[in-house]
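**Student:** To start, I am sharing the structure in question, which I have written as structure tokens.
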Amino acid sequence: MKRAAPAGSVRGFTLIEVLVVLLIMGLFVGLVSAIVRPDDRGLLRVEAGRLAQLLDLAAAESRLTGKSIAWTADGPGYRFWRMSGHADWLEARDSDLLRARALPQGMVIRSLQIENGPAHGAMRLEFAPYNAALAFHIEMSLGAARYAVAGSPVGEVRAVAWEGESGVERVSR
């Protein structure tokens, strides 16, 4: 037999309890979305690091295979090219690592300098198997954030933080 609840003892949540739970859930969702979505500088740093590793891989592959490899940037992305046996450049489509890549929306490759001078014509960097490594500097930007990929004459390629118009000053790995 069921008993009736005494008057005044109704079960449920008060309005304040519901508001406190909603406030906590809102704070949690805001915190998670801030952590999951990186800022422009972080996204740019990741892309610059990826490009540095791919350029280092292209230089190493060129030395190992004895064939030249080129990198070109064109607006929203970049691609790698291999020298064929007939002195023709063919796009690298057989490699998952050296495939054509699109940059995230809003990110651009602003400039390429080779041996402290601007690149002539299109942005193109060649890795020859038997020549010395070139010093180069690739500037990337996303909004106000800037990052760079720098190659040294000894063959080291790394992503570096951009600080002001004076150039690259801080090394980041």
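Only the coordinates and a few stated rules stand behind these numbers; no lab work does. If you're wondering where the values come from, they're calculated on a predicted model, not measured in any experiment. When we count neighbours, we look across all protein chains shown, and the Cβ atoms used for this are built from the backbone with ideal geometry, even at glycine.
**Student:** In terms of modelled amide H atoms, which long-range or inter-chain residues lie less than 5 Å from the amide H of Ser111?
**Tutor:** Long-range HN contacts for Ser111: Glu139.
**Student:** Rounded, prolate or oblate: which fits the range 71-110 when a ≥ b ≥ c are the square roots of the eigenvalues of the alpha-carbon gyration tensor, with rounded for a/c under 1.5 and prolate only if a/b beats b/c?
**Tutor:** In terms of gyration-tensor shape, oblate.
**Student:** So how far apart, in nm, are the two label points at Ala87 and Ala133 if each is 7 Å from Cα heading toward Cβ?
**Tutor:** So the two model labels end up 2.9 nm from each other.
**Student:** What list of ³J(HN,Hα) couplings, whole Hz, do you get for the range 95-100 from phi and the Karplus terms 6.51, -1.76, 1.60, once you set θ to phi - 60° and write x for glycine and proline?
**Tutor:** 10, 5, 7, 9, 6, 5
**Student:** What list of whole percents do you get for P(r) of the range 25-167, with Cα-Cα distances grouped in 5 Å bins up to the one holding the largest distance?
**Tutor:** Going out from 0 Å in 5 Å bins, the range 25-167 shows 2, 9, 18, 21, 19, 12, 7, 5, 3, 2, 1, 0, 0 percent.
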